Structures are given as structure tokens and as C-alpha cells.
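The values are calculated or read from the model by the stated rules, or taken from the named source; none is laboratory data. Everything quoted here is computed from the prediction, not taken from an experiment. Here the Cβ is made from the backbone with ideal geometry for all residues, glycine too, and neighbour counts use every protein chain on show.
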Amino acid sequence: MKTKKILAAATASVLLLSAALLAGCGGDSGNDGGDGQSADLTKVTVGASVTPHAEILNAVKDDMKAQGFDLQIKEFSDYVLPNQEVNDGSLDANYFQHEPYMNQFNAEQGTDLVALAYIHYEPFGIYPGTRETLDQLEDGDAIAVPNDTSNEARALLLLEDQGLIKLREGAGLTATKNDIVENPKNLDIVELAAEMIAKNLPDVAFGVINGNNALQAGLNVAEDSIASEGADSLGAETYANIICVKAGNEDNPGVQALINALKTDKVKAFIEDTYKGAVVPVF
């Protein structure tokens with residue numbers, strides 16, 4: 001009798017243990033963040049600047065999920081690492097730059113990156129520092145511009161449009177401050193990393209800032225700049241921000257799905273409603 005009780009207890013323990021193990025297995029298979037789908041999704045990892053690129057990507061995460069992809073967004077605060085990580089395969093794609101910058105990066109770094117889709121452009125603006133209007137400029141005042149070639153050229157072209165300087169004929173999109181042939185006020189063109197210009201506005205008369213860095217600093221080109229690129233400017237035509245991949249990865253299904261998700265009326269409306277002219281869709 002005692003033996004039967006012991007066997008029964010042992011059998012019950014085995015059954016309970018089996019049930020617990022089965023429950024544990026079931027719990028693991030459902031450990032997908034609550035959406036019930038993550039285990040079946042294909043991961044796509046994209047590098048992006050925080051504003052506006054990562055924000056725009058976050059707006060299509062659900063659309064990507066519906067296409068069978070888990071969009072992972074890795075945020076960067078610089079312009080070098082996201083390209084390096086696409087080139088070495090750590091990222092499937094990135095979204096933070098325009099094609100002239102990518103081409104310059106390829107030439108300087110020996111990378112093999114390509115533009116796959118054009119999504120938006122961010123108007124460059126001239127933002128007040130110690131001066132509030134251009135007619136307050138005095139001889140020798142400093143104006144900060146980005147120090148990378150493609151963005152510096154864009155900033156200088158905007159200053160030229162305002163009549164502050166004149167560039168060497170033909171300098172165009174490769175212009176640097178060495179191409180300035182007329183500078184009536186002897187302006188000191190200070191070259192800084194693009195992401196540092198907004199922080200240095202208190203030390204210069206004006207700063208010429210590209211859109212995403214302005215937004216990250218709480219500035220809006222439509223409200224805070226005293227001059228900006230027009231929709232028909234060379235900058236608007238040339239500097240659309242791109243989805244970038246390594247050559248050979250153009251047919252990546254996840255990246256193609258991302259482009260399809262971005263080029264929609266939904267995303268166009270999101271950009272226009274969110275950024276009020278500081279970010280302009282080009283599709």
C-alpha cells in the first residue's frame with residue numbers, strides 16, 4: 001500500500017514537471033514582444049540620424065511588419081560610422097545623407113556605397129548667432145559653415161545667393177572657402193563639423209546649418225532661419241537624402257520593402273505635417 005502511494009506521488013510529480021516544461025516551451029515560442037509575429041519576421045537593420053530620419057523610419061515600422069520584416073533602427077550622431085557599418089555589412093542600409101556626400105565618402109574612404117532611393121531634402125538655412133539680420137554684418141564677422149566638402153559648397157552657394165560672397169566660376173558643388181573670389185565684408189568663414197554649428201551659434205554672427213542638425217537643435221528652417229534654399233535651388237535638386245546600401249545589396253528584399261513603405265502618401269503626409277517645411281518629400 002505504501003509502495004503504491006509512493007509510485008502515485010512520483011507519477012504525479014513527473015506529470016507536473018512535464019506540464020511545466022511544456023508550458024515553458026510554449027512561453028518561449030511566444031516571446032515576441034506581444035505581437036505574436038516577431039519569430040516569423042525577417043530583421044532589417046538601418047542606420048539613421050535621429051532627426052528626422054529615425055523618426056520617419058519609425059513611422060513605417062508597422063507597415064514593414066505587415067510585409068514580414070522587423071525594422072531595426074540604429075541611431076547615429078555622426079556621418080562616418082553609418083557608412084562604415086553599411087560597407088562592412090553591420091547594417092543593411094542607412095538613411096541620413098545625400099548622394100554628393102556619399103560619393104565624396106566613397107572617394108575618400110574607398111567604400112563602395114550606392115544610392116538606392118531618394119526620399120526627402122532638408123533646406124539649408126542661415127541662422128542668427130550674434131547678429132539678427134544680414135544687414136547688421138560688420139567687417140570681419142564670422143559665419144560658420146559645415147567642413148565636409150559637399151555641405152560646405154551648399155552653404156557657400158546659399159551665402160552667394162544672399163550677395164555676401166562670390167565664388168569662382170565653375171566651383172559649384174565642390175566649392176570651399178578657397179573658391180571665394182569676392183568677400184566685400186571680409187567675412188571669416190569658419191569651417192566646423194556640421195553637427196557642431198548650432199552649438200556654436202553664440203560665437204559667430206551666423207551659422208549655415210543643414211536641416212537635420214537644425215531640427216536636432218530645436219530650430220526650424222521655416223521659422224528660425226533668416227534665409228534658406230528655395231525649392232528650385234541647386235541644393236534642392238541635388239541634395240535629396242537617400243536610402244544607401246553597399247553595392248551588390250541593391251536587391252535586398254527588406255530594403256526594397258522599406259523603400260516601398262517610405263514612398264507612400266502616408267509618409268508624405270507625415271513628413272509635411274511633422275516638419276512644416278523643414279523636411280520636404282521628393283517622391
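Step by step: first the residues of the range 178-202, then only those that are charged (D, E, K, R), surrounded by fewer than 18 Cβ atoms within 10 Å (Cβ to Cβ) and within 27 Å of the chain's Cα centre (by Cα), then the one that is farthest from N147 (Cα to Cα). Which residue is that?
The qualifying residue farthest from N147 (Cα to Cα) is K199.
Would you point out the residue of the range 203-216, among those that are under 28 Å from D139 (Cα atoms) and of a type in the set (A, V, I, L, M), that is surrounded by the most Cβ atoms within 10 Å (Cβ to Cβ)?
Filtering the range 203-216 for residues that are under 28 Å from D139 (Cα atoms) and of a type in the set (A, V, I, L, M), the one surrounded by the most Cβ atoms within 10 Å (Cβ to Cβ) comes out as I209.
Is it the case that the range 138-145 has a residue that's at pLDDT 95 or above and within 24 Å of the chain's Cα centre (by Cα)?
yes
Sort out which residues of the range 58-86 are in contact with a helix residue (DSSP H, G or I) (Cβ under 8 Å, 6 or more places away or on another chain), of a type outside the set (S, T, Y) and either modelled with pLDDT under 95 or surrounded by 20 or more Cβ atoms within 10 Å (Cβ to Cβ) (or both), and write them in order of number.
Once the filter is applied, which keeps residues that are in contact with a helix residue (DSSP H, G or I) (Cβ under 8 Å, 6 or more places away or on another chain), of a type outside the set (S, T, Y) and either modelled with pLDDT under 95 or surrounded by 20 or more Cβ atoms within 10 Å (Cβ to Cβ) (or both), the range 58-86 yields V60, M64, F69, D70, L71, D78, N83.
Quick one: how many residues across the range 98-153 are more than 30 Å from V60 (Cα to Cα) and among the small types (G, A, S)?
Here the count works out to 7.
Taking the condition of being part of a loop (DSSP other than H, G, I, E, B), under 15 Å from Y118 (Cβ atoms) and either among the small types (G, A, S) or at pLDDT 95 or above (or both), how many residues in the range 239-283 meet it?
The qualifying residues number 4.
Hey, does the range 223-242 have a residue that's free of Cβ contacts under 8 Å to residues at least 24 places away in the same chain and under 25 Å from N58 (Cβ atoms)?
For the range 223-242, residues free of Cβ contacts under 8 Å to residues at least 24 places away in the same chain and under 25 Å from N58 (Cβ atoms): absent.
Can you find even one residue in the range 168-178 that is polar (S, T, N, Q) and at pLDDT 95 or above?
Scanning the range 168-178 turns up at least one residue that is polar (S, T, N, Q) and at pLDDT 95 or above.
Any residue in the range 143-155 that is of a type in the set (K, R), assigned to a helix (DSSP H, G or I) and crowded, with 16+ Cβ neighbours inside 10 Å?
yes
Can you name the condition, by its number, that D265 falls short on among (1) free of Cβ contacts under 8 Å to residues at least 12 places away in the same chain; (2) in contact with a helix residue (DSSP H, G or I) (Cβ under 6 Å, 6 or more places away or on another chain)?
Single failed check for D265: (2).
Just checking, which of G170, G89, G140 is among the small types (G, A, S), outside any helix (DSSP H, G or I) and closer than 16 Å to A205 by Cα?
G140
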